[in-house]
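The values are calculated or read from the model by the stated rules, or taken from the named source; none is laboratory data. Treat the numbers as computed from the prediction; the structure is a model and nothing was measured. A quick note on method: Cβ atoms are made from the backbone with ideal geometry, for glycine too, and the neighbour counts reach across all protein chains shown.
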Amino acid sequence: MDAQNLTYLFVFLSFSLYIGIAIWSKAGSTSEFYVASGGVHPIANGMATAADWMSAASFISMAGIIAFMGYDGTVYLMGWTGGYVILALLLAPYLRKFGQFTVPDFFGSRYYSTSARVVAVICLIVISFTYVAGQMRGVGIVFSQFLNIPIFWGVIVGMSIVFMYAVLGGMKGITYTQVAQYCVLIFAYLVPAIFISLMITGIPIPQLGLGAEVNDGTGLSVLQKLDNTLIELGFSAYTEGVKSKIDVFAITMALMIGTAGLPHVIVRFFTVPKVSDARKSAGYALLFIALLYTTAPAVGAFARLNFVETIHNTSYTQVADWFKSWESIGLIGWKDKNQDGKIQYHPGAPFEGKPSFAEDRRPDGSREVTNKPTESKNEVYVDRDIMVLANPEIAALPAWVIALVAAGGLAAALSTAAGLLLVISTSVSHDLMKQTLAKGLTDRQELFFARLAAAVAILIAGYLGIDPPGFVAQVVAFAFGLAAASLFPAILLGIFDRRMNKEGAISGMACGLIFCFSYIVFFKFVSPELNSADHWWFGISPEGIGTIGALLNLAISLAVSRLTAAPPPSVVALVDEIRIPKGAMSPTNSH
Amino acid sequence: MQGEKDYWQANLKLVAKLLTIWFLVSFGFGIILVDQLNQIPFFGFKLGFWWAQQGSIYVFIGLIFYYVRKMKQIDKTFEVSDDEEE
């Protein structure tokens with residue numbers, strides 16, 4: 001069977017599995033729909049959290065980003081794992097003890113006001129929609145590249161699958177589907193990584209292979225060879241970055257506390273039976289995530305080495321087939337500036353913007369790029385996203401591995417999309433309807449609204465996936481920056497500062513949010529030409545500004561709370577209560 | 001109530017200790033001191049680079065599981081555990 005048919009088969013099998021789980025785990029009550037009745041085993045929850053967390057970006061894009069950023073890629077590796085330490089030590093156990101359905105629930109009770117709840121709902125919806133659009137796009141890309149299905153139909157298929165298990169099963173369906181999706185995606189990620197590590201170093205464990213000698217007889221380690229090769233071509237060393245230290249610091253911190261403040265991650269800890277399980281489950285989640293995150297830098301380095309060696313100074317007629325197949329869908333572009341028929345790879349953009357191609361091919365069969373060339377000697381444009389997807393082809397792995405990677409990419413995108421859609425729908429049905437606008441709803445009516453909201457959210461997400469506004473990629477910084485600057489400090493203070501009151505929390509959130517929002521919008525949209533280290537405040541890029549936003553939030557919350565009335569005794573009692581693990585009840589009983 | 005206060009203090013002390021290590025391995029070794037540590041070879045890696053892209057993540061996992069174990073003991077000592085069976 002060829003790669004295409006195998007891919008159809010793998011995708012079909014994995015989708016059938018997800019739908020089967022959805023039917024088996026249909027939710028009957030709001031408690032099942034929102035938090036799977038709080039009865040999920042910590043290991044299962046760890047896997048579900050890992051799948052929830054690892055999106056199309058982690059699976060498809062991250063290794064490619066690291067391959068091209070080298071040391072600077074560290075911000076994603078540490079930023080997206082270190083957040084779990086904060087989550088486990090500072091948030092998860094207490095929020096589990098609090099024992100409600102949603103993150104805005106915590107804001108509503110702890111800050112004794114509907115406005116705090118509504119502010120939280122707004123932050124949550126903005127963060128989640130930003131994210132989910134990217135997932136649907138990821139689904140579309142995998143379908144179009146592996147199965148030759150147009151992105152439109154790819155997104156429709158993806159939407160229908162998520163619709164099945166998110167709308168029917170709610171949190172219960174999502175949790176058990178995510179466990180299955182974790183298994184699919186981690187297997188799909190590790191298999192090619194192991195093969196490539198074996199091929200380049202002879203060592204089957206990628207984490208060790210990254211430090212091992214390349215088996216080409218030079219006696220150099222992978223990283224030494226990569227450093228040497230890249231420096232020779234005019235790049236900076238792979239193991240040394242070009243970003244300033246303060247910016248690396250700020251971005252890493254913003255991603256860490258942003259991670260800890262993301263509602264779809266936090267809500268996963270509402271689903272375990274006990275406080276001690278919430279702690280354990282954070283540990284398992286990180287363990288399962290780290291399997292992929294410690295493999296990614298190895299995949300990145302191997303891919304970069306392979307890439308350079310395959311294409312540099314190779315004539316187009318002799319270059320490997322994968323180069324041509326990715327060129328034909330426009331993710332690679334080659335402009336033979338010096339007219340020698342060979343591909344030269346150097347730093348800098350080869351031409352302005354993304355490649356646009358002429359109708360006719362050049363005599364050697366390559367596609368004619370019509371963009372205006374730059375001064376740089378570089379002739380190659382490459383989309384970073386292809387690194388993981390093209391890896392099996394670059395390493396000449398069997399067809400079933402390629403099929404596996406396609407199924408894995410879909411699992412990563414769908415699991416994250418479902419988790420996000422669930423927090424959107426619960427915040428609408430529970431926080432906006434039941435707790436704010438229509439307080440008299442019965443459990444059945446609320447469940448109906450939850451399903452309706454999930455269905456509407458899927459349609460909007462699908463639309464954003466098919467017809468993404470040009471700035472989707474740019475606004476990812478929003479999600480983390482906003483979570484870091486708004487939700488995280490308010491939750492943290494709500495647990496650790498008994499004196500914190502609603503005036504402090506709301507003004508802190510508002511300032512953090514507005515500050516980050518303005519900074520990002522200014523540099524990304526209003527004056528993108530000023531978006532460089534010379535103009536940034538303290539040399540911190542828009543990606544890292546969440547760190548400053550969070551500090552600002554903390555400072556303002558503390559100052560305002562000390563100048564205004566103390567919170568009522570019942571709220572102080574609530575804080576004392578959530579600090580003690582004893583007596584954690586499942587949300588059904590406390591509701 | 002004194003018991004609950006002591007419990008909270010013990011909890012804060014543990015969390016502070018673990019977060020210090022968290023900061024040291026990631027921001028310390030992986031970012032602030034990375035150039036100095038990169039002078040030291042470590043199993044084919046530069047040490048600073050290894051901390052940034054591998055070591056810190058392993059320590060993160062260790063920290064959470066250590067916290068789980070320690071908190072279990074602290075919960076028991078102060079009789080606030082939610083584990084009825086044990």
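Quick look at the numbers
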quantity: Residues located in the range A:228-263, provided they are under 19 Å from residue B:51 (Cβ atoms), at pLDDT 90 or above and more than 9 Å from every other protein chain (Cβ to nearest Cβ); calculated: A:246, A:247, A:250, A:251, A:255
quantity: Unique residue being modelled with pLDDT of 85 or more, touching a Leu at 6+ places or on another chain (Cβ under 6 Å) and part of a helix (DSSP H, G or I) when the list is A:407, A:457; calculated: A:457
quantity: Selection count where residues are buried (at least 24 other Cβ atoms within 10 Å of the Cβ) and within 26 Å of residue B:15 (Cβ to Cβ), scope the range A:96-109; calculated: 7
quantity: Pairs with Cβ under 6 Å, 6+ apart, first in the range A:575-591 and part of a helix (DSSP H, G or I), second surrounded by fewer than 21 Cβ atoms within 10 Å (Cβ to Cβ) and at pLDDT 65 or above; calculated: A:575/A:498
quantity: Residue selected from the range A:67-85 under the condition more than 16 Å from the chain's Cα centre (by Cα) and within 8 Å of chain B (Cβ to nearest Cβ), by the criterion farthest from residue A:49 (Cα to Cα); calculated: A:71
quantity: Test result for residue B:81, among the small types (Gly, Ala, Ser), under 11 Å from the mean Cα position of the chain (by Cα) and crowded, with 20+ Cβ neighbours inside 10 Å; calculated: no
quantity: Yes/no for residue B:37 being over 10 Å from the mean Cα position of the chain (by Cα) and under 21 Å from residue A:222 (Cβ atoms); calculated: yes
quantity: Test: residue in the range A:233-248 that is surrounded by fewer than 20 Cβ atoms within 10 Å (Cβ to Cβ), free of Cβ contacts under 8 Å to residues at least 12 places away in the same chain, of a type in the set (Asp, Glu) and out of contact with any Gly (no Cβ under 6 Å at 6 or more places or on another chain); calculated: no
quantity: The range A:215-232, residues that are in contact (Cβ under 8 Å) with a residue 12 or more places away in the chain and exposed (fewer than 15 other Cβ atoms within 10 Å of the Cβ); calculated: A:215
quantity: Counted residues, the range A:357-372 - those being surrounded by 14 or more Cβ atoms within 10 Å (Cβ to Cβ) and on the phi > 0 side of the Ramachandran plot; calculated: 0
quantity: Helices (runs of 4 or more DSSP H) enclosed by chain B - at least 3 residues per element that are within 9 Å of chain A (Cβ to nearest Cβ), of a type outside the set (Gly, Ala, Ser) and out of contact with any Gly (no Cβ under 8 Å at 6 or more places or on another chain); calculated: B:2-23, B:56-77
quantity: Those residues of the range A:502-518 which are without any contact (Cβ under 8 Å) to a residue 60 or more places away in the chain and surrounded by fewer than 18 Cβ atoms within 10 Å (Cβ to Cβ), in sequence order; calculated: A:507, A:514, A:518
quantity: Sole exception among (1) loosely packed, with under 15 Cβ neighbours inside 10 Å; (2) at pLDDT 90 or above; (3) away from chain B (no Cβ under 14 Å); (4) out of contact with any Phe, Trp or Tyr (no Cβ under 7 Å at 6 or more places or on another chain) for residue A:557, by number; calculated: (1)
